[in-house]
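Here's the structure we're looking at; comments come further down.
The values are calculated or read from the model by the stated rules, or taken from the named source; none is laboratory data. Every value quoted in this text rests on a predicted model; they were computed, and no experiment measured them. Cβ placement follows ideal geometry from the backbone for every residue including glycine, while neighbour counts extend to all protein chains displayed. Just the protein is used for accessible areas: all its heavy atoms, side chains included, with ligands, DNA and RNA removed. Shrake-Rupley method; radii C 1.70, N 1.55, O 1.52, S 1.80 Å.
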Amino acid sequence: MNPDLVIVTTAILVSSASALVGTFLVLRRMALLCDAISHAVLPGIVLAYWLSGGARATLPALLGAAAAGLVTVSLVEWLTRTGRVKNDAAIGIVFPALFSLGVLAVSLYFRQVHLDLDAVLYGEIAYAPLNTLWLWGLELPESWLVMGLLTLLNLLFVLLFYKELKLSTFDAGLAASLGFAPGVLHYALMALVSFTAVGAFQSVGAILIVAFLIIPPATAYLLTRRLPTMLLLAVGVGVVASLGGYALAIWLDASIAGMMATVAGVCFALAFLFSPLEGFLTTRLRRRRQRLEVAARLLVAHLAHHPQPVSEQEIMAEFGWHPRFLRQAREKALQAGWLEARREGLWPTSRGRALGQGPSVP
Amino acid sequence: MTLTQTATLPLEVRDLTVVYREQPVLWDVDLAIPPGQLSAIVGPNGAGKSTLLKAVLGLVPRASGQVWFFGQSLREARARIGYVPQRNTVDWDFPTSVLDVVMMGLYGQLGWFRRPGKREREAAMHCLEQVSLQDLAHRQIAQLSGGQQQRVFLARALAQNADLYFMDEPFAGVDAVTEEAILQVLHGLKSQGKTVVVVHHDLETVREYFDHLTLLNVQVIASGPMEETFTSENLRRTYGAKARTGG
Ligand SMILES: Nc1ncnc2c1ncn2[C@@H]1O[C@H](COP(=O)(O)OP(=O)(O)OP(=O)(O)O)[C@@H](O)[C@H]1O
Ligand SMILES: [Mg+2]
């Protein structure tokens, strides 16, 4: 089996599985909770590892992690519901507590065993091609099986319960009053997040999994205002991060998972700056255009009121404009066909004069 | 006081108490809402009006009390009940369109798994027409004004096609035109024989808009037909000495 292929496909599976459930986390404003889950699964993994007698076993680890994830969510909700701690504080209390339990357990009981802390925290996707198992007479990477199943599970969940998830995310009150059990869906989603976090932790580690769960959906959120598109874009960003991250990691000889998270972060930064919806730069550019447009209208209206040509000095004094801004406004008005340049100066066209009838905002 | 619930009443509440932390927010509330009328719930901020709606609909736990809808339990009567929450209870930046939100009102009829189709889209469009928002059907909900958001919620409630509606301050922060449009919808519902329970804030208009009045301040101060209940004495007991009867 080609190791490059195994690594890249594993990454794509991890990011797809993560993006599908991560989208709903982002929309529920629970990004922080996902951080908590991804850390708190550690004691669950350790416990399962210990119970299963130290064998490298994926299934007990998955179950232990999912249990730990649900314990995290329940503890956070219980703390919040007592009304004595705010939600973010509750998360901040629960997850270091559980995580430190896990770290302690690892360092105390598993010093000699093959469960080293670095691998747990940062993962090592480069080992993905080495862990194989035999299935139907084929030697397959274990990560394909685990992450493939998880991707399928998340995909089925989102497809089957799309309508219910959307409703309970947007308006849990209505979902409850229509009998759609938003609480059950909530815990199901959290269980899947825990599953995904632990399935992925062998590849990308407990910390970087957050980059896969949150960054692609957060990027997609900046780019669209439609939920189906957001889901697709989130998966797309994950795929781009996997491919681009791997290529860069090979080229720069850097950590593969780290590079993938970096590329995802770069995607987010680009969307943040250039999104056609409300990108930081796009918005500023649009505002500038709009300001120029208003200035051009002002200029045309001003000229239309004067029978003689008006000097530039007069206009700049009248509006308090810089020469450069006047030039830009004049350019804009000429382009829009509101002004024409004659030998004796600038004249409003008939369209320009029609503008003066009143502020008609397109 | 009868010991069996009256089957014809759309809503009957007995001994309802709700406690957030240690403080009772609703105390021993008894309520009977008459059928086919526009019914107002009025009281000062923090009186527990929103909590009353939520407790009745099972959205917050109740410490004690029983609730019947048309003589049935919430579970049995669920499909006949529509709820319009306060506008700020949802995230209006959610990536979805106006038509999509209105279609959510039809999810209850669809049940689990079934997806909305052409029929649902047409029904939702029809509801949008009733609140004059058909032109904004495909607009993203982030780009709506407060009054438009309120009308979207109203259209969604219409789509539910319920017999009993609960609305939490539908008139809050809307202009005169939208207020009139909402009132039209309420009258339309009433003429179809539906019952509407509205949390209302404006003492000036409450007498004109509604048939039945419940004055609430943790406890029910008074509840009954508008003319009998809307008295300065009752308002004083609800709001304290400062309340005005509004002419
Ligand atoms: N989730 C909650 N946790 C704790 N206390 C709450 C909660 N929700 C409401 N309260 C308290 O319960 C009381 C009643 O609140 P409620 O929202 O029902 O009042 P309201 O009559 O609807 O007020 P308004 O007119 O401002 O909408 C208030 O004192 C409020 O502080
Ligand atoms: Mg309220």
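In straight-distance terms, cross-link reach from B:Lys54 covers every one of the lysines whose alpha-carbon lies under 30 Å from its own, apart from those fewer than eight places away in the same chain; here that gives A:Lys86, A:Lys163, A:Lys166, B:Lys190, B:Lys194, B:Lys242.
Compared with the dominant principal axis of the Cα atoms in chain B, helix B:118-130 is inclined by about 60°.
Based on Cα contacts under 8 Å between residues 6+ apart, the stretch B:115-194 shows a relative contact order of 32 percent. For B:Met167, the residues whose modelled amide H falls within less than 5 Å of its own, excluding neighbours fewer than 5 places apart on the same chain, are B:Val84, B:Val197, B:Val198, B:Val199. The magnitude of the dipole of chain A, with charges of +1 and -1 set on the Cβ of Lys/Arg and Asp/Glu and taken from the Cα centre, is near 1600 debye. Accessible surface comparison of A:Glu331, B:Glu227, probe 1.4 Å, protein chains only, largest first: the order is B:Glu227, A:Glu331. Positive contributions from Lys and Arg (+1) and negative ones from Asp and Glu (-1), summed over other residues with Cβ under 15 Å from the Cβ of A:Phe280, come out at +3.
Residues considered: A:Gly83, A:Gly183, A:Gly245. Largest GNM mean-square fluctuation over chain A, using C-alpha springs under 10 Å, is found at A:Gly83.
Its relative contact order, with pairs defined as Cα atoms under 8 Å and 6+ residues apart, puts the stretch A:282-357 at 37 percent. With a ≥ b ≥ c the root eigenvalues of the C-alpha gyration tensor of the protein assembly as shown, is it rounded (a/c under 1.5), prolate (a/b larger than b/c) or oblate? It is oblate, given that a/c is not under 1.5 and a/b is not larger than b/c.
Using a cut-off of 11 Å between beta-carbons, work out the net charge of the residues near B:Gln219 (Lys and Arg +1, Asp and Glu -1, B:Gln219 not included). Result for the local shell: -1. Chain A contacts chain B over a buried accessible area of about 2700 Å², both sides summed; the probe is 1.4 Å and only protein chains count. Close amide H pairs (under 5 Å, H built 1.01 Å from N) link B:Phe70 with B:Leu11, B:Glu12, residues at least 5 positions away or on another chain. Sequence-ordered 3J(HN,Hα) estimates for the stretch B:80-85 from the Karplus curve with 6.51, -1.76 and 1.60 and θ = phi - 60° stand at 9, 10, x, 9, 10, x Hz, glycine and proline given as x. Restricted to Cα atoms, the stretch A:3-235 shows a radius of gyration and a Dmax of 17.7, 57 angstrom. Largest accessible area first, the residues B:Asp175, B:Asp168 order themselves as B:Asp175, B:Asp168 under a 1.4 Å probe with ligands, DNA and RNA left out. Largest first, the residues B:Arg139, B:Arg14, A:Arg81 sort by 1.4 Å accessible area into A:Arg81, B:Arg139, B:Arg14. Between 0 and 90 degrees, the angle of helix A:31-51 with respect to the longest Cα principal axis of chain A falls at about 10 degrees. Taking a sphere under 12 Å around the Cβ of B:Tyr20 and counting the other residues whose Cβ falls inside, with K and R at +1 and D and E at -1, yields a net charge of +3. For the protein assembly as shown, what proportion of DSSP beta bridges, expressed in % and rounded to the nearest 5, is antiparallel? Percent antiparallel among DSSP bridges in the protein assembly as shown is about 60.
Against the longest principal axis of chain A, how steep is helix A:280-304, in degrees 0 to 90 to the nearest 10, with axes from Cα atoms? Result, in degrees: 10. Proximity of backbone amide H atoms, modeled 1.01 Å from N, is registered between B:Gln37 and B:Val196 at under 5 Å, excluding neighbours fewer than 5 places apart on the same chain.
Per-residue 3J(HN,Hα) values for the stretch A:9-15, derived from phi via the Karplus relation 6.51 cos²θ - 1.76 cosθ + 1.60 with θ = phi - 60°, read 5, 4, 4, 5, 5, 4, 6 Hz in sequence order (x marks Gly and Pro).
Working from Cα pairs under 8 Å separated by at least six residues, relative contact order for the stretch A:1-84 is 25 percent.
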